[in-house]
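Here's the structure we're looking at; comments come further down.
Where a number appears in this text, it was derived from the coordinates with a stated rule and is not lab data. On a predicted model such as this, the values are computed, not experimentally measured, just so you know. So basically every Cβ, Gly included, is an ideal-geometry build from the backbone, and we count neighbours across all protein chains shown.
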Amino acid sequence: MLNVAEDLRETLRTALPLLDGITDAEASVPRAPGKWSRKEILGHLIDSACNNQQKFVRTMAQAHLDFVGYQQNHWVASQHYNTADWSALISFWQAYNI
């Protein structure tokens with residue numbers, strides 16, 4: 001488990017400068033027609049971390065759980081990640097994963 005945690009920290013160390021090098025305007029552009037923008041991708045990663053965190057905690061407390069999925073496209077659209085501040089999204093993603 002320690003290797004997984006260190007791998008995550010290394011991913012953050014590597015990704016943060018790359019993400020910081022993307023402008024807010026660039027982050028708002030969809031990668032292709034019908035695809036998510038960088039903001040929406042990062043927002044999805046935040047949503048995924050949120051969902052996974054509660055699963056990890058609940059699993060530690062109970063032997064058997066059934067988990068429902070989530071509608072990722074709905075979550076991304078309803079939270080309007082594409083209009084969010086890029087720097088704020090980066091900070092939120094970083095905070096959720098440290």
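Sort Lys35, Lys55 so the one with the fewest other Cβ atoms within 10 Å of its own Cβ comes first.
By the 10 Å Cβ count, ascending: Lys35, Lys55.
Tell me, Phe67, Phe92 in order of fewest to most beta-carbon neighbours within 10 Å?
Phe67, Phe92
Report, in degrees rounded to the nearest 10, the 0 to 90 angle that the Cα long axis of helix 86-97 makes with the longest principal axis of the chain.
20 degrees
For each of Arg38, Arg13, count neighbouring Cβ atoms within 10 Å of the residue's Cβ, then give the residues from fewest to most.
Lowest count first: Arg13, Arg38.
If the chain between Arg31 and Lys55 were fully stretched, how many nm would it gain, using 0.36 nm times the residue separation less the Cα-Cα distance?
5.6 nm
To the nearest 10 degrees, how steeply does helix 38-61 sit against the main Cα axis of the chain, on a 0 to 90 scale?
Rounded to the nearest ten degrees, it is 10.
For the chain, what are Rg and Dmax over the alpha carbons, in angstrom?
Every Cα atom of the chain included, Rg and Dmax give 15.1, 46 Å.
Under a plain spin-label model, where a point goes 7 Å from the Cα along Cα-to-Cβ, how far apart in nm are Ala95 and His64?
According to this spin-label approximation, the distance is 3.9 nm.
As an exercise, use a Förster radius of 30 Å and the Cβ-Cβ distance of Ala5 and Thr83 to find the FRET efficiency, rounded to the nearest 0.05.
Calculated transfer efficiency: 0.35.
Skipping prolines and chain starts, which residues have an amide H placed within reach, meaning under 5 Å, of the one on Ser37, given they are 5 or more residues away or on another chain?
Residues meeting the criterion, in which the H sits 1.01 Å from N, are Arg31.
So, with +1 on the Cβ of K and R and -1 on the Cβ of D and E, and no other charges, what is the size of the charge dipole of the chain about its Cα centre, to the nearest 20 debye? Show your work: numbers first, answer last.
Details: 8 positive and 10 negative charges, 35 e Å.
The dipole of the chain has a size of about 160 debye.
How tilted is helix 2-20 with respect to the longest principal axis of the chain? Cα atoms for both, answer in degrees (0 to 90, nearest 10).
10 degrees
Restricting to DSSP H runs of at least four residues, report the calculated mean residue ellipticity at 222 nm for the chain, -39500 (n - 2.57) per run over all residues, nearest 500 deg cm²/dmol. Could the numbers behind the result be given before it?
Numbers: 5 runs with 67 residues, N = 98.
Result for the chain, helices only: -22000 deg cm²/dmol.
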